[in-house]
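Data block below; observations after.
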Amino acid sequence: MPELAWVNGKLSGLAEAVVPCLDRGNLFGDGVYEVVRVYAGRPFAQERHLRRLKKSLAAVQIEAPLETRELDLQVRDLITRSGIGEAQVYIQITRGAAPRQHAFPRDARPSLILFVLKVETDFRWRETGCQAISLPDDRWAHCHIKSLNLLPNVLAKEKARSKGAQEALFVAGGGAKVREGSSSNVFALLDGKVVTPPADGHILAGITREIFLELAETAGLPVLEQDLSLAELLEAQEVFFTSTVSEYLPVSELDGKRIGTGHPGPKGQELYALYSQLCQTGDGS
Ligand code: PDD
C-alpha cells in the first residue's frame, strides 16, 4: 500500500517526489490546495472540493493545468494505484516555477502536485472532547481562498499544542466575532439551534461545514449562519469543529472553561453519525 505522488505528470513514491526550488508555491506560497478524504478507496465529496479549487484558482488568477474532469480522473487513478482504502489526497496547484520576481511570470506553467497519504489522525478526542484556546485572528482578509499561506494557522496550532490544547480558534474584534479553527470550521448549539459563522470571506467555506449544515436541515434541526461572539460560544450547550481530516471534533473545554457538560453533546454526535453514514455509503456530492 504505497503512499504515492504525482508531480507534473511524474509518478513516484511520496518520499522520492521532488518539486523545483523555484516553484512559486515554495518561494511565495503562490498557490492553492485541497485535501480530500478517501473512504474504502473512494474519494468523498470530490466534486465539491474540485469546485472550490476552481474558485480558489480564479481568485488568485492561476490557470487550471487540467480540466476538472481530467483532474478528477487523475486523483481517482492515484488512489487506485496506491491501494490505500482510508486515505487523504492532497491536491496543490501553484503558479509554477520561474526566476524569483514577485510579479506574475509571463511564461511559467502552473504546476500540479497530488499525493495520497494514509490517515493518521488521532481520533481519541472525538470520544472525550478536545481542549481549545481562542486567539486573535491576525490573518488576511481573503480566508475564503484555500491558499498555501498557512503560517498564521501553523503558529496558532502550535500555540494550542504548547498549552496542552488540540485546536486554536480564531476570534476577531476582541472576542466580538468567532471565525474558525486553525484547520477547521466551528459550530455551536445555542438554544437548540445549530449556529456557525457565515461564510463571508473571513473563513474558509468548509466542505464538511456545508455537509453538516445540509444534514442538520434534513434532520429538522434549526440552522443559523450568523456571527457568534466568544462569550456566546463559552455559554453554548455544545461546541464542535468540523474538517475533512478530523471530521467532527467536539470541544469539552475552551480557554480553560468547561463547555456544556464537558462531554461531546448529543446534537453534534447525531450530526456526526449522519455524516459518517454518508461517508461510508455516499459520494458526498
Ligand atoms: N483544512 N478552515 C480552515 C482554515 C481549514 O484549513 C480547513 C481544512 C477548514 C475545513 O474545511 P473542509 O471541511 O473543507 O476540510 C476550515 C484542511 C483539512 C487542511 O489544511 O488540512
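The values are calculated or read from the model by the stated rules, or taken from the named source; none is laboratory data. Just so we're clear, the structure is a prediction, and the values are computed from it rather than from any experiment. All Cβ positions, glycine included, derive from the backbone under ideal geometry; neighbour counts span all protein chains shown.
From the list Val239, Val223, pick out the single residue that is over 18 Å from Phe44 (Cβ atoms), surrounded by 14 or more Cβ atoms within 10 Å (Cβ to Cβ) and without any contact (Cβ under 8 Å) to a residue 40 or more places away in the chain.
On inspection, the qualifying residue turns out to be Val223.
Considering only segment 211-222, how many residues are more than 16 Å from the ligand (Cβ to nearest atom) and β-branched (Val, Ile, Thr)?
Counting residues in segment 211-222 that are more than 16 Å from the ligand (Cβ to nearest atom) and β-branched (Val, Ile, Thr) gives 1.
In segment 184-197, what residues are within 16 Å of the ligand (Cβ to nearest atom) and either touching a Pro at 6+ places or on another chain (Cβ under 7 Å) or not small (Gly, Ala, Ser) (or both)?
Once the filter is applied, which keeps residues that are within 16 Å of the ligand (Cβ to nearest atom) and either touching a Pro at 6+ places or on another chain (Cβ under 7 Å) or not small (Gly, Ala, Ser) (or both), segment 184-197 yields Asn185, Val186, Phe187, Val194, Thr196, Pro197.
Among the strands (runs of 3 or more DSSP E) lying completely within segment 179-285, list those that include at least 2 residues that are farther than 21 Å from Arg126 by Cα and touching a Lys or Arg at 6+ places or on another chain (Cβ under 6 Å).
Here the list is empty.
Looking at the structure I just gave you, is Ser182 within 30 Å of Asn8 (Cα to Cα), in contact with a Ser or Thr (Cβ under 6 Å, 6 or more places away or on another chain) and crowded, with 20+ Cβ neighbours inside 10 Å?
In short, no.
Residue-wise test of (1) part of a helix (DSSP H, G or I); (2) over 28 Å from Thr68 (Cα atoms).
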{"position": "Trp125", "(1), (2)": "yes, yes"}
{"position": "Gln131", "(1), (2)": "no, yes"}
{"position": "Arg139", "(1), (2)": "no, yes"}
{"position": "Asn149", "(1), (2)": "no, no"}
{"position": "Lys157", "(1), (2)": "yes, yes"}
{"position": "Leu169", "(1), (2)": "no, yes"}
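Output the residues belonging to segment 135-172 that are more than 18 Å from the chain's Cα centre (by Cα), under 29 Å from Gln269 (Cα atoms) and either modelled with pLDDT under 95 or of a type outside the set (A, V, I, L, M, F, W, C) (or both).
Pro136, Lys159, Arg161, Ser162, Lys163, Gly164
Loosely packed, with under 15 Cβ neighbours inside 10 Å and small (Gly, Ala, Ser): which single residue out of Ser12, Ser82 fits that description?
Ser12
Of everything in segment 242-256 that's in contact with a strand residue (DSSP E or B) (Cβ under 7 Å, 6 or more places away or on another chain) and more than 27 Å from Ala87 (Cα to Cα), which residue is surrounded by the most Cβ atoms within 10 Å (Cβ to Cβ)?
Top of the filtered list is Leu254.
For segment 234-259, which residues satisfy the criterion of being within 21 Å of Thr208 (Cβ to Cβ), in contact with a Leu (Cβ under 8 Å, 6 or more places away or on another chain) and more than 16 Å from the ligand (Cβ to nearest atom)?
Of everything in segment 234-259, those that are within 21 Å of Thr208 (Cβ to Cβ), in contact with a Leu (Cβ under 8 Å, 6 or more places away or on another chain) and more than 16 Å from the ligand (Cβ to nearest atom) turn out to be Ala236, Gln237, Glu238, Leu254, Ile259.
Here is a check on your reading of the model: is Asp77 acidic (Asp, Glu), over 22 Å from Leu150 (Cα atoms) and outside any helix (DSSP H, G or I)?
Spelling it out, it is not the case that Asp77 is acidic (Asp, Glu), over 22 Å from Leu150 (Cα atoms) and outside any helix (DSSP H, G or I).
Where residues in segment 25-46 are surrounded by fewer than 20 Cβ atoms within 10 Å (Cβ to Cβ) and over 17 Å from Gln88 (Cβ atoms), which of them is farthest from the ligand (Cβ to nearest atom)?
Top of the filtered list is Leu27.
Scan segment 198-210 for residues that are more than 11 Å from the ligand (Cβ to nearest atom) and buried (at least 19 other Cβ atoms within 10 Å of the Cβ) and jot them down.
Residues satisfying the conditions do not exist here.
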